[in-house]
Each structure stands twice: as C-alpha cells, then as structure tokens.
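Visitor: Have a look at the structure that comes next, please.
Nothing in this text is a laboratory measurement; each read-out follows from the coordinates by a stated rule. Treat the numbers as computed from the prediction; the structure is a model and nothing was measured. So basically every Cβ, Gly included, is an ideal-geometry build from the backbone, and we count neighbours across all protein chains shown.
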Amino acid sequence: MDRNAIQNITPEFLSMIKLPDKKAKKLNYLLVMPRLWHRDPELYGFQIGFAYISSALKSSGRNVFTLNLQNKVNPYDLLKSVIINKKINVLMVGGVSNLIFEIKEIIENAKKVKPNIITVVGGVIVSSDPIPAMIALENADYGVIGEGEITVNALAYNLEKFSSAADVNGVICYRDNGWVVNSNYTWVPDLDILPFPDYEGFEYEKYLPDKNHTAIISTSRVCPYNCTFCYNSKKQGEKYRRLSIDKVFMQLDWTLKLYPQLHKFLISDELFCHDIDYAIEFSRLAKPYNLHWNCRVRANTITKEFLLSMKDAGCKRLLIGIESASNTVLKSMQKGVTIEQIEEVLSWADEIGVNVVGNLIFGDQAETMDTVRKSINWWKEHKNHIENMWMIGIYPGSNLYEVACERGIVKDRVEFIKDRLFNTRSINLSKLTDDEYNLLPSLLLATSLKHKLENTQVKKNDDYSVNIKGQCPHCSELISINSFQYVFWLSYTKCPMCENKISVNPIEHCDFDKINNNAKAMIKGKKAAVWPIHRKNYYWVLESMPVLKSENVVYINSSDIIAPRSGEVINMVEGKRIYKPIEILKKREIDIIIVPSNPKVYDEIRMQCEEEYPKVKQVVHITDLLT
C-alpha cells in the first residue's frame, strides 16, 4: 500500500498507533462498506466514518484493500473474488444497527469462501450494546467499540503477533466460553492529527450524481448534549471535539482537488458548531469557495448574526432539532431547548431568507394526546420548516432503549437487534394508551400529506356526502370536487384541471369553532353517543368537536355495523372507554347519536337503532353540523 495515497499522515498520529512488527506475520486486510438501502446516488449516504478507519489503517503501512458494495452487480461474487485473489486474512465491516442484515451477509459470505478468515465489526451496531450485538451477528470474531482509528491498528498488531486481543482497549472478543469486553477504548484527543478520509478507496466518485455533486466532510465528533432518543458515544467518556478551522479548509481543498466537479458540501457532524465565533469565522473562510453547503445546528446556540453569516457564506439548509412543540416533551427528551427558542430562530430564518428545517417526533415518555395535538397544530403554522413527522425510535445505546429494557418491553436484546429493529417505532413508552399510540403513524401520514387544497370551503350535500371547493396547490385553478363519501377522506384525488395529485381530508378545512358550537347546542342537556369511533376518525372527531369529550358523551366502536379491518377497533381514547353498541345502548338511555362516517354506515346505524335500540331518540350525521 502506497502511503502517499493517504493525506495528512502526521507524526503525532503514527506515535499513537501500533505499527507492524517487521518480524510478525504480514496479513492482508479487506475493509468492506455495506450496501445501504438507497440505490439512488442522490439518496446514498456515504459512510465517512468508515473512510476514516480505512485511512487510519492504511497509514500504518499495512496491506489494506477496500470494497464498496453499493450498486454492485452480484456483490457477493465480487467479495468472493477479492478475498481469493488478494489472499485476504482479515475482513473488517461495520455500520449502524439497522444494517445488521447487510453486515451479517458480508460476514457469512466471507466465511463460506474462507472459513478461517478473521472478521471484525465496528460502528454503532457494536458500540451501542456490544455483547448482544456480537451474539446477534453470530459469525463475527471481534468487535471494535467506540472510535476505531487507534483500536483497529492495535487489534491488527495483536493478530499479526498471534497475541490475545482480549486485552486490547476497545475490543470485544470470545474467550473461555464467554464474551470479553474491553470498552475502555482510546479516542483521538486532537482530530487535526488524523489522516484525511479514504474517499478514493471506496470509489466515492461513482456516487456523485450529475446534478448533486456533494462532498461529505466531518468537522467534529460527538455531541455535547444527551437527548434521550439518541445513541451518543459521549456516554463512554468521549468529549466533543472539532477540527481546527485551518484543518477543515485544508481537507476541503484536498477534496476539491480530488473531485473538481463538486459544487456542494455536507457537514455530516451530529452538531456542526455551538458557538457564534467559530460559525462566523467558518463562514468568512467558506464564502470565497462559492459553494452551497448544509449542516446540523441547535436552536439554543443560534443567533441572528449566526444565521446571517451562514447564509452569506452559501449555507442553504440548516437542520435543527425541533422534535416537539411541547416544552414538557422537550424537557423529557433532555433537549436543552424550548419551543420559544425554536420559534425565535424560525422567525429570524424567515426574515433573513435562510432555509432552517427540522422534524417532529412523537412518542416520548411525556407524550399525551394533548402534546400530540399541540405539535400537530404547531406544524400547521410552521409547515415550511418541518421536513418530516414520525414516531420516535428506540435504538440501542439510547436512554429510551435502556428504559424499554428496564420495563421489560424489550425482553431480549439480542432478538431485538436481530430483528433489525423493525419494531423500534412500535414501542410505547409514552403516556398514550396503546390504541392512541398505534393510531399515530397513520394520523401523522394523513396530516402531513402535501399538496392540499388552498382557500377552501366545505359544504354538505343532500345525500350526506360533501363538496369541497378551493384552489389547486399546483395550478392555482379554482376547482370543485363533489361526492366525497366521507368527511374524513385521508387520501389523494386528482385535480380535474392539471391532473396532479391533491391530498384530501375535508374535515381539516372545516370551521372547527362552528362545528363545535353546533355540536354543543345539539347535545346540550342530553345523553349523547358518537358511533362509530375508530382509528381513522377519532382524532379529527375530537379535534373538531372537543365538546364531545364531556361526561355526558359516550363512544361506540365500529362492531355490529361493519366488519372492522384488523387493528381498526380501539378500546380507549383520551381516557374514555369505547363500548360495543350492545354494551351501552341496552343499558343506558341515549338521546342522540352523532355518526362521523360515510352515508352507508349512517343508514345502517339508523336502521339498527330502529330495530334494536328504539330508546335512541335521534341519529344525526356529522355533516349536519357543518352548516
């Protein structure tokens, strides 16, 4: 391996790593970057951490080969060929926990080709929960915990000397019928001494799409904060560190020399910077490059001056952690930021004209339907600053993961990792009932549908369907769409003028105050019921008519009138039980039933009441409340 291929090999770094012993056996190393889910180059996230490990190992002078399996035809045939032709002794692979299937496939295929090949796994998948991860991986021989640049060279040294790796800092291995974990890994105190990442070894040029030539650079490590939903290696003693500004731009110059077609760069740090002086100086030096760039920052560290300097330097997008509109939830998440601080930053962004965006995540331990509603309503006022709304994830290494394990919700850590964490967003640690929690994914999807009608009016038709008028968000033509069979229509339709898709949920465009006042007058002094209540409608029923939360109103589920789809029937919402019709209508006098469903169900309920529940005095359709 020609050391000249790696840049910025410093004496300080070489003094920290184990260089090969000339008397020891020479081994051939293969570093394999797994395929990611996105096959589209524009969505491909190059794993820059892996590129740093490669350059660290190559800088030691060892025989190192690299392979990026992204977009490869017959990737495991290629892996087999490299192992055989390059006489590989040690295979290294790694990544986040969600890549367990890909990582296992690489290890298993390598072992099939060469059963005695030594396999090493690093990255978050091992660092977050070392022993369960190694058991889940099954065929991995060694794991590297935490930062790997120093550890991989120490491990390589022991392998070359046929010495035990059990005493290598930052390594987990199987010895004497058990896993031996040495989590006290060595981290790099000064990032300036690191060699530059090995872009070329992993064919980065192949993943630069024509319209999006973006460099991925790293300027810091770890985050000084400790959000409950985030895996953060700071928990193991690491400190927040960053490259000096001079070194950042030295690396950027080198990257641009390698790939002159680049016109953007993405700072991949968990947190780009958290002080104004650094940001202003960085912006001053970045401006002459005339490049567009993006980064992650925090609302509690941003000033107006900060935003002005970033925009002036070409920053096109700042991602901030918004997460929730509820200060109660933000405090529970240990965000260290308030919604007022977030709103102030967003107001500056609108004034200055810089794109500041974030996400809303739902399901924190302090989450209730009130905080859910608060965040959704806040989203309606700040849509242009929200990229996604989704459920909170429970990932190994996070505070929430430990809570889930302590509560017995995650019963088996190994199986949880083996299952690729597919259920990570279905774990309810919140104050929501399971019914409420399980509703949220479809609710968030329906709420966040883009391309909604603008300047709308909703009107009831004689057949209890509805008509909605408004401007198409695509062509701005005034259109009228008739004969919706549901007031709750969480779907798309086509604009008759331009034929583009428009998301439709008529209830969102109604006058909630008017509907609630009509409902209040209708049920005043009466015993009322809402029938049917199910997952697709209950949020909007109670959002549009909070008066229906009162004690004189009961909820009835969809059984007996329709064959409920799997998962639609719910038992409890907002602290109120949902009854079967026979449970409540036979035992309690009900004066009026409000039907928030389609005309067919309305007719079925009326007929059923006439035949089975004659004490019910009145059945009205929700559209009766629109006017």
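Visitor: With each label point set 7 Å from Cα along the Cα-Cβ vector, what nm distance links ASN384 and SER480?
Guide: In this crude spin-label approximation the distance works out to 3.2 nm.
Visitor: Over the chain, what number does the Rg to Rh ratio reach, with both radii from the alpha-carbon atoms and Rh per Kirkwood?
Guide: Here the Rg-to-Rh quotient is 1.05.
Visitor: Right, something else. Can you tell which of SER324, PRO288, LEU307 lies farthest toward the positive end of the dipole of the stretch 249-327, using +1 and -1 charges on the Cβ of basic and acidic side chains (Lys, Arg; Asp, Glu)?
Guide: Towards the positive end, the residue furthest out is PRO288.
Visitor: So if I place +1 on the C-beta of Lys and Arg and -1 on the C-beta of Asp and Glu, and nothing else carries charge, what would the dipole magnitude of the chain be about its Cα centre? I want it in debye, nearest 20.
Guide: About 900 debye.
Visitor: Here is a further query. Could you compute the FRET efficiency for HIS213 and GLU402, with r as their C-beta to C-beta distance and R0 at 35 Å, rounded to 0.05?
Guide: According to the calculation, E is roughly 0.25.
Visitor: Something else now. In deg cm²/dmol and to the nearest 500, what is the mean residue ellipticity at 222 nm of the chain if only DSSP H runs of at least 4 residues count, each as -39500 (n - 2.57), divided by the residue total?
Guide: Rounded to the nearest 500, the figure is -9500 deg cm²/dmol.
Visitor: Order 394-405, 73-84, 241-252 from most to least packed using the mean count of other Cβ atoms within 10 Å.
Guide: 394-405, 241-252, 73-84
Visitor: Quick one: which of LYS247/LYS287; LYS383/LYS460; LYS431/LYS527 span more than 18 angstrom between C-alpha atoms?
Guide: LYS383/LYS460; LYS431/LYS527
Visitor: Using a cut-off of 12 Å between beta-carbons, work out the net charge of the residues near SER375 (Lys and Arg +1, Asp and Glu -1, SER375 not included).
Guide: Value of the local net charge: -2.
Visitor: Using the crude model of +1 on Lys and Arg Cβ and -1 on Asp and Glu Cβ, and no other charge, please compute the dipole size for the stretch 360-437 relative to its Cα centre, in debye to 20.
Guide: Around 160 debye, computed over the stretch 360-437.
Visitor: Could you check the spin-label model distance between ASN359 and ASN300? Points 7 Å from the Cα along Cα→Cβ, value in nm.
Guide: 2.1 nm
Visitor: How would you rank 439-446, 498-505, highest first, on the average number of other Cβ atoms within 10 Å across their residues?
Guide: 439-446, 498-505
Visitor: For THR627 and SER491, compute 0.36 nm times the residue count separating them, minus their Cα-Cα distance, and round to one decimal in nm.
Guide: Answer, rounded to one decimal: 46.6 nm.
Visitor: Where a Cα-Cα gap under 12 Å defines reach, which aspartates and glutamates qualify for LYS380, not counting those fewer than 8 residues away within the same chain?
Guide: Of all the aspartates and glutamates, those that pass the test against LYS380 - Cα under 12 Å, at least 8 places apart if same chain - are GLU508.
Visitor: For the residue pair PHE101 and GLU454, what label-to-label distance in nm results when each label sits 7 Å from Cα along the Cα-to-beta-carbon direction?
Guide: 4.1 nm
Visitor: Could you please report the charge total around LYS114, scoring K, R as +1 and D, E as -1 over all other residues with beta-carbon less than 13 angstrom from its beta-carbon?
Guide: Here the charged neighbours net out to +3.
Visitor: Which residue, TRP179, THR66, GLY123, has the largest displacement toward the positive end of the dipole of the stretch 3-182 when charges sit on each Cβ (Lys, Arg +1; Asp, Glu -1)?
Guide: Of the listed residues, the answer is THR66.
Visitor: Please work out how much length the chain gains when fully extended from GLU499 to ASP167, using 0.36 nm per residue of separation minus the C-alpha to C-alpha distance, in nm with one decimal.
Guide: 112.9 nm
Visitor: If R₀ is 25 angstrom, what is the calculated FRET efficiency for the pair GLU203 and LYS287, using the beta carbon separation as r and rounding to 0.05?
Guide: Efficiency computed from Cβ-Cβ geometry: 0.20.
Visitor: Kirkwood Rh over Cα pairs of the stretch 512-625 into Stokes-Einstein at 10 °C, 1.306 mPa s: D in µm²/s?
Guide: 114 µm²/s
Visitor: Classify the stretch 122-179 as rounded, prolate or oblate, taking a ≥ b ≥ c as the square roots of the eigenvalues of its Cα gyration tensor: rounded when a/c is under 1.5, otherwise prolate if a/b is larger than b/c and oblate if not.
Guide: Here the stretch 122-179 falls in the oblate category.
Visitor: Turning to a different aspect of this structure: What's the extension gain from ASP21 to ASN184 if we count 0.36 nm per residue and subtract their Cα-Cα distance?
Guide: That pair, ASP21 and ASN184, stretches by 56.3 nm at full extension.
Visitor: Dipole size in debye (nearest 20) for the stretch 512-625 around its Cα centre, Lys and Arg Cβ +1, Asp and Glu Cβ -1?
Guide: 280 debye
Visitor: Between ASN571 and TYR174, what's the calculated FRET efficiency when r is the beta-carbon distance and R0 is 41 Å? Round to 0.05.
Guide: FRET efficiency, ASN571 to TYR174: 0.30.
Visitor: To one decimal place, what orientation-averaged projected area in nm² is obtained for the convex hull of the Cα set of the stretch 425-573?
Guide: Quarter of the Cα hull surface area: 10.5 nm².
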